[in-house]
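Enquirer: Mind looking over this structure? Questions follow.
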Amino acid sequence: MRRYSRALMLCTVFAVFSGFYVYSKLLNSDASLGGNHGPKRSFIPAGASRGAADKTGPKNIRWYNRYIMRQRGQAEAGGGGGSVQSGPEPPMHLAVVACGDRLEETLVMIKSAVLFSVKRLDLHIFAEDQLHASFIEALESWPGFIRSRFKYTVYPISFPSENAAEWKKLFKPCASQRLFLPLILKDVDSLVYVDSDILFLQPVDRLWAFLSRFNSSQLAAMAPEHEEPRIAWYNRFARHPFYGRTGINSGVMLMNMTRMRSVFFKNDMTSVGLRWEELLMPLLQKYKLNITWGDQDLLNIIFHHNPETLLEFPCRWNYRPDHCIYGSNCASAEEDGVYILHGNRGVYHDHKQPAFRAVYEAIQKFSFGTDPVTSLLDPLEEELLKTTHTYCGKSHALFTKNLASSLANANRKSPGGR
């Protein structure tokens, strides 16, 4: 009996000491950070006072650590206030060529592009030397909030030195400069080229979006020269190959210039493909006695032999007097309105097509910072009503069909807009 009492006492003593040992270990573990190597260190959140940190117990520290880990997880997933910000969106590139008396016309084109565009524009202006100072003076005089939407570079007219004179006098002065843009702007991937007599009635962004529609072989986009073969020029008069049924018009041209610089183009001069810079001069030498519209004809020949490389966009993106002078024949404009107006043959500056001239003068007279609806749209609609004695004037509603929504967007970007 005595033996059992001693055993029970020993077990009790052992249990008591074991309990003290375990309690001591737990206490030391909770009072240290990262093990039993020194006193506890309080983590003080940024902006918190020392007193608040001193009162933070083990439970609050564990809650704070869970909160930090949750915020870190959200940041890594791209959410929450700690998400990584992406870089600025790349700008859209827009090029134009101006020679002779095209200074004012080019400035009005640029005005329309900047007025409606959403993303930032990089402008590439190719001009004769005597126009450089005038472009700089005019663009620098625009309000600061407008100049913040674009940047510009003015370049000299530049052709291959051995044939410069021949290229410069081809068709209108300097027009063939557009053929050499992929070779001059070597650091630019994609580009919208427009003639100086273009007016944007919709954001450039919507035209730029056609780049995402290119398949793996397409490297340019243009509109057909005409919609109606019975009155089209190329299929009736051309003495050279041309693209499709009615040819293409190069007044508005979207280019993936990286592809243009790398592709070997099929042609009717050699049995092997030629690069862009190898193709142009031989093509001119072969067809220069048979072409009427200069560089546009050369583009038609190139895309005739390489139709898989071209994407056609609807005529509403290149609406010309030919689309209304004999009656309306641009179905996409009739459905959705005119997106880009192309005043070729000088119709902005004579009285042959007063509806086209009315749009040009409305944009020319518009002052940045004023309400675009009352300062541009309302006067334009009033002037267009005076043109209904002409075929194009009868279609004037197509010019303003979507203009109100474009101007509403422009108004939101102005200093007084919301």
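Every number here is computed from the coordinates shown, using simple stated rules; none is lab data. It should be emphasised that the depicted structure is a prediction, and the values quoted were computed from it without experimental measurement. Positions of Cβ are generated from backbone atoms using ideal geometry, with glycine treated the same way; all protein chains shown enter the neighbour counts.
Enquirer: What order do you get for 320-328, 261-269, 336-344, 136-144 when each peptide is scored by the mean count of other beta carbon atoms within 10 Å, highest first?
Expert: 336-344, 320-328, 261-269, 136-144
Enquirer: Strictly over 18 Å apart at the Cα level, which of Lys352/Lys394; Lys119/Lys151; Lys168/Lys288; Lys119/Lys365 would you flag in this model?
Expert: Long pairs (Cα-Cα over 18 Å): Lys119/Lys365.
Enquirer: While we're on this one: Compute the projected area of the convex hull of the Cα atoms of region 353-414, averaged over all viewing directions, and report it in nm² to one decimal place.
Expert: It is 3.7 nm².
Enquirer: Please say if region 133-217 is rounded, prolate or oblate, where rounded means a/c under 1.5 for a ≥ b ≥ c the square roots of the C-alpha gyration tensor eigenvalues, and otherwise the choice is prolate for a/b larger than b/c and oblate otherwise?
Expert: oblate
Enquirer: Order the peptides 248-256, 298-306 from the highest to the lowest mean number of other Cβ atoms within 10 Å of their residues.
Expert: Ranking, from highest mean packing down: 248-256, 298-306.
Enquirer: Under the rule of at least 5 residues apart or a separate chain, name every residue whose amide H is placed under 5 Å from the amide H of Lys352.
Expert: Answer set, sorted by chain and number: none.
Enquirer: Mind grabbing the base-10 log of I(q)/I(0) for region 232-360 at q = 0.15 Å⁻¹? Debye formula, identical points on the C-alpha positions, no solvent, two decimal places.
Expert: The Debye formula, applied to the Cα set alone, gives -0.81.
Enquirer: Let me ask you something else. Per the Debye formula with a single identical scatterer at each Cα and no solvent contribution, what log10 I(q)/I(0) holds for region 298-349 at q = 0.24 Å⁻¹?
Expert: One equal scatterer on each Cα of region 298-349 leads to -0.92.
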